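Engineer: Below: one structure in structure tokens.
The values are calculated or read from the model by the stated rules, or taken from the named source; none is laboratory data. This structure is a prediction, so every number in the text was calculated from the model and none was measured. Here the Cβ positions follow ideal geometry from the backbone for every residue, glycine too, while neighbour counts run over all protein chains shown. All accessible areas refer to the heavy atoms of the entire protein, side chains included, with ligands and DNA or RNA removed. Shrake-Rupley method; radii C 1.70, N 1.55, O 1.52, S 1.80 Å.
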Amino acid sequence: MSLLGGIRPPIAVLSVLLLALAGITALTLGRAGQEAVPKAVKTSQQHFAEDGAIALRASIDESVTDLTRSAELFSAGDPVPADAVLDKIGSVYQKWMGTAVVEIASGKLLAARGENLPLTAIDRGGLAEKDGLAPRMVRMENGETRLLSFALLTWKGQPQQLLVASSSLRFPGISLGKVRAIAVVDEGGDVLSTDGIPGPEQVDSDRERAEIKQADGQLKSFAATAAKKSRTHPIMAKEPGSGGFAGVSGSLTGERYLGQRAVAGYANLAGSEPGESTAATRLGLSVVAMVPVTEDPTAKSDSAFGLFAAGALLLIGGLTVYLLVRTVQRPLIRLFLEGRRLTRGDLGRPVSVPRHGEAARIGAALERLRRQLTGEPAAPQERRARRGGLGSRTLIAVCAVLLLAWSAPLLLLLNRAGDSVDVPQQMVSDQRERTNTLTDRVRRALNEGHADLTSVASLIGDRTEASDMTKVLESTLNQHTRYKSLYVLDADGKVLARAGGDPRSPSGKGPSSQLIHVIDEGSKEPVIIGTAEMQGRQGAAVVGEFRIEFLNSLLKRPGLGEVRVVDSKHRVIGANTGYLEFEDLPGGRLEELAEKSAEKTGPDQSVTPRGILYRDSGDLRIAAAAPFDGGGAARALGWTVVSWQPVSGLAIPEYTYQNRTVLAGMLGITAAAACLGWLHIVVVRPLRHLADQAEALADGDRRTVLYPRHHDEVGAVTRSLELIRQQLPTGTQRKRDGATAGLAGRN
């Protein structure tokens, strides 16, 4: 018999699959009840920590790149005094806590700005070694940690100088809300900086001090665990099929305190691509974001439905398998045994004919053939088996209906989430805060781009040749992927030097007076242009065109759903998914949300990010909008970042219960279709064809050779019929035998 053929394997596999599905149903549906802290909330804290890690990594790498590029631009020109270097850097970038220029050979401090730097901690002799200029962390006298970045100032004929800048390890533009805390953790699990937890001196009551002490201890516990987990390889740390963040991230659950459970997310500083190494990723830092979540006291897990569904499947599955064994498998095996008995010459007893279907037709044909082999006359009442009744195909259909009766309600009707879904308020808050963080990230990226243009413009003098301008522009373009093209325009709009793609500024017009603006020239994408005026060239400016792909890449964050950047007229500028240039936001609720978030309120006339839970076409959605707020050249754009996602895609208990129920129904239908389809192809169709051949053979067709299709029970019966056909006399033989018998009678 074939390993995968025959009547037994499909029925056996169906039995195993139904037993396994019953077990899965009992376990998964029994554990899919309400959770005190939904998985969606835990996952959201993980994404929050990833946002913090991405922002911190980008800030550190940008700081190192800006310092190195500034030093290279200074070194490419004539020697500049140390004070002039620091003044010019300070006028362009306001990101560093302190800066200094040191003569490497003697260690003499040439100039300093801002806070005092721990220059004695710098090993000047190791600067020439590999990674000698890599940024490093140092501890200040006040206990705070600073990140020192280094760059070389080199001029021919002068001692080499070291440009040093210090920055804090605090998060740039992370929106924490009212109760969230976030921390930077080193490889050993020590907390280097925190935000969101006030100091004991900032509160008045003993209860508040106790809460601060408890939160600080919980954060330190999370930090130690996160540092240990962050050392895991990213491939081993992620669940199969998960993507998005390239590093190691996860969620942690802490102690219960005053009716609230501390939930944290952690993420290490990782490159934008898997395996990518940057100055920030080599520091071994991690980010921990913690928030207290109010537990649901009514949360409970009910296993009754899972046990009931599993019991119903066992009952229906048992009945299905019984029908298949009793009405298909046993009659076919009986035919196999009867056919083999006849081929061995045992013709003394009648064939045991099954009662129904194709097996009955084949059994009746075998009995007629047995009579023909023994020479017995056909019985007057002998006739073909009736073609009606329950055939094998009908029985397969009945079994399919039985299994569908269990699977279809699970797939279509039972455990629907409906309108009673309890969406945690924390999810709406997280959507709002993460959108606000993303808004600040986009604004800072554009501000950094304009600062680069300003730095380039400040270093190009009125006597700089076009060839030297081109070198500076090409160097800047190679170091920053945010630009599509860089060029210098004079007051009349003439291009004096350029690098990258063709300029797309309006032809014949001078530089724009706007620091950053957007033009629509009828292309497939908006054109974002930054302009930095040059001193001493009578209206000339350095112009940079931002790559729209750079803007869109900033918006690709898992767990935020669809994200759009819109201008003051709510026209789409960029997105994390496909979009049309300057199209409107989809839906009036999003338009209204973006408009309300941009309204200036309060005595300081500030804008406020907003988050809502609303219903759209019957589906619940979470949405948030956050307008540009803060300083810099990008604020004048008036852009707003809008994000939204369906609640059904979140790991909320009601939807988890619904999804698992649907999955159980799909598995039931799949198992039924696979096994019953297998049985129909391998057994039922060949059996119906064999029934026709057997009846034709019994009716006198001696010429048609019977070939078995498969090496199984049906094939064995076919071979038996072929052997019987070879033993039966042909029509010529019967005539000859009849003539011989007549002559013998006359003699």
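Engineer: Identify the residue in region 4-37 that is within 30 Å of Arg709 (Cβ to Cβ) and surrounded by fewer than 18 Cβ atoms within 10 Å (Cβ to Cβ) and, among all such residues, is modelled with the lowest pLDDT.
Structural biologist: Per the stated criteria, the residue is Leu4.
Engineer: Give the residues of region 181-226 that are of a type in the set (A, V, I, L, M, F, W, C), in contact with a strand residue (DSSP E or B) (Cβ under 6 Å, 6 or more places away or on another chain) and open to solvent by 30 Å² or more (accessible area, probe 1.4 Å), sorted by residue number.
Structural biologist: Val191, Ile197 - these are the residues of region 181-226 that are of a type in the set (A, V, I, L, M, F, W, C), in contact with a strand residue (DSSP E or B) (Cβ under 6 Å, 6 or more places away or on another chain) and open to solvent by 30 Å² or more (accessible area, probe 1.4 Å).
Engineer: Next up: Determine whether region 183-196 contains at least one residue that is under 16 Å from Gly265 (Cβ atoms), modelled with pLDDT under 85 and among the small types (Gly, Ala, Ser).
Structural biologist: no
Engineer: Also: For region 255-271, which positions are surrounded by 15 or more Cβ atoms within 10 Å (Cβ to Cβ) and part of a loop (DSSP other than H, G, I, E, B)?
Structural biologist: Leu269, Ala270, Gly271
Engineer: Which one of these is surrounded by fewer than 14 Cβ atoms within 10 Å (Cβ to Cβ) and either touching an Asp or Glu at 6+ places or on another chain (Cβ under 6 Å) or under 30 Å from Ile54 (Cβ atoms) (or both): Gly536, Gly530?
Structural biologist: Just one listed residue meets the conditions, Gly536.
Engineer: Another question, then. Look at region 474-494 and say how many of its residues are among the aliphatic types (A, V, I, L, M) and surrounded by fewer than 19 Cβ atoms within 10 Å (Cβ to Cβ).
Structural biologist: Going residue by residue through region 474-494, those that are among the aliphatic types (A, V, I, L, M) are 477, 486, 488-489, 491.
With the extra rule that they be surrounded by fewer than 19 Cβ atoms within 10 Å (Cβ to Cβ), the set shrinks to 491.
Residues that pass the stated criteria total 1.
Engineer: I'd like the full set of residues that are open to solvent by 40 Å² or more (accessible area, probe 1.4 Å) and within 23 Å of Met469 (Cβ to Cβ), limited to region 539-576.
Structural biologist: Within region 539-576, Arg547 is the sole residue that qualifies.
Engineer: Being open to solvent by 40 Å² or more (accessible area, probe 1.4 Å), in a loop (DSSP other than H, G, I, E, B), more than 30 Å from Ile89 (Cβ to Cβ) and free of Cβ contacts under 8 Å to residues at least 12 places away in the same chain is true for just one of Lys178, Lys156. Which residue is that?
Structural biologist: Lys178
Engineer: While we're looking at this one, here's another question. Looking only at region 95-110, count every residue that is out of contact with any helix residue (DSSP H, G or I) (no Cβ under 9 Å at 6 or more places or on another chain), outside any strand (DSSP E or B) and either open to solvent by less than 50 Å² (accessible area, probe 1.4 Å) or closer than 16 Å to Arg146 by Cα (or both) and tell me the total.
Structural biologist: Residues that pass the stated criteria total 1.
Engineer: Same structure again: All but one of (1) buried (at least 22 other Cβ atoms within 10 Å of the Cβ); (2) within 17 Å of Leu690 (Cα to Cα) hold for Leu313; which doesn't?
Structural biologist: Leu313 satisfies every listed condition except (2).
Engineer: Select from region 317-351 the residues that are among the charged types (D, E, K, R) and open to solvent by 40 Å² or more (accessible area, probe 1.4 Å) and list them in ascending order.
Structural biologist: Arg326, Arg330, Arg334, Arg340, Arg344, Asp346, Arg349
Engineer: Still on this model: Can you pull out every residue in region 410-448 that is aliphatic (A, V, I, L, M) and touching a helix residue (DSSP H, G or I) at 6+ places or on another chain (Cβ under 8 Å)?
Structural biologist: Passing the criteria: Leu410, Leu411, Leu412, Leu414, Ala417, Val421, Val423, Met427, Leu438, Val442, Ala445, Leu446.
Engineer: Okay, moving on. So, in region 446-472, of the ones that are of a type in the set (A, V, I, L, M), crowded, with 17+ Cβ neighbours inside 10 Å and at pLDDT below 90, which residue ends up nearest to the chain's Cα centre (by Cα)?
Structural biologist: Ala451
Engineer: Here's another thing I want to ask about it. All but one of (1) touching a residue at least 40 places away in the same chain (Cβ under 8 Å); (2) under 13 Å from Ile529 (Cβ atoms) hold for Pro511; which doesn't?
Structural biologist: Result: Pro511 passes all but (1).
Engineer: Can I ask one more? In this structure, is Arg113 surrounded by fewer than 20 Cβ atoms within 10 Å (Cβ to Cβ), in contact with a Leu (Cβ under 6 Å, 6 or more places away or on another chain) and not hydrophobic (A, V, I, L, M, F, W, C)?
Structural biologist: Here the answer is yes, as Arg113 does meet what is asked.
Engineer: Now for a separate question. Going through Leu593, Leu650, Leu620 one at a time, which residue ends up being among the hydrophobic types (A, V, I, L, M, F, W, C), in contact with a strand residue (DSSP E or B) (Cβ under 6 Å, 6 or more places away or on another chain), over 30 Å from Pro10 (Cα atoms) and surrounded by 18 or more Cβ atoms within 10 Å (Cβ to Cβ)?
Structural biologist: Selected residue: Leu593, the only one of Leu593, Leu650, Leu620 that is among the hydrophobic types (A, V, I, L, M, F, W, C), in contact with a strand residue (DSSP E or B) (Cβ under 6 Å, 6 or more places away or on another chain), over 30 Å from Pro10 (Cα atoms) and surrounded by 18 or more Cβ atoms within 10 Å (Cβ to Cβ).
Engineer: Look at region 561-575 and say how many of its residues are within 11 Å of Ser643 (Cα to Cα) and either modelled with pLDDT under 90 or among the basic types (Lys, Arg) (or both).
Structural biologist: The number of residues fulfilling the criteria is 1.
Engineer: For the subset of region 596-617 comprising residues that are outside any loop (DSSP other than H, G, I, E, B) and open to solvent by 30 Å² or more (accessible area, probe 1.4 Å), which member is nearest to Ala417 (Cα to Cα)? If you could, list the steps in order and put the result at the bottom.
Structural biologist: So in region 596-617, the residues outside any loop (DSSP other than H, G, I, E, B) come out as 596-597, 601, 606, 610-616.
Okay, now just the ones that are also open to solvent by 30 Å² or more (accessible area, probe 1.4 Å), so 596, 601, 606, 610, 612-613, 615-616.
Working: Lys596: 31, Thr601: 38, Ser606: 39, Arg610: 26, Ile612: 20, Leu613: 16, Arg615: 14, Asp616: 16 Å.
The selected residue is Arg615.
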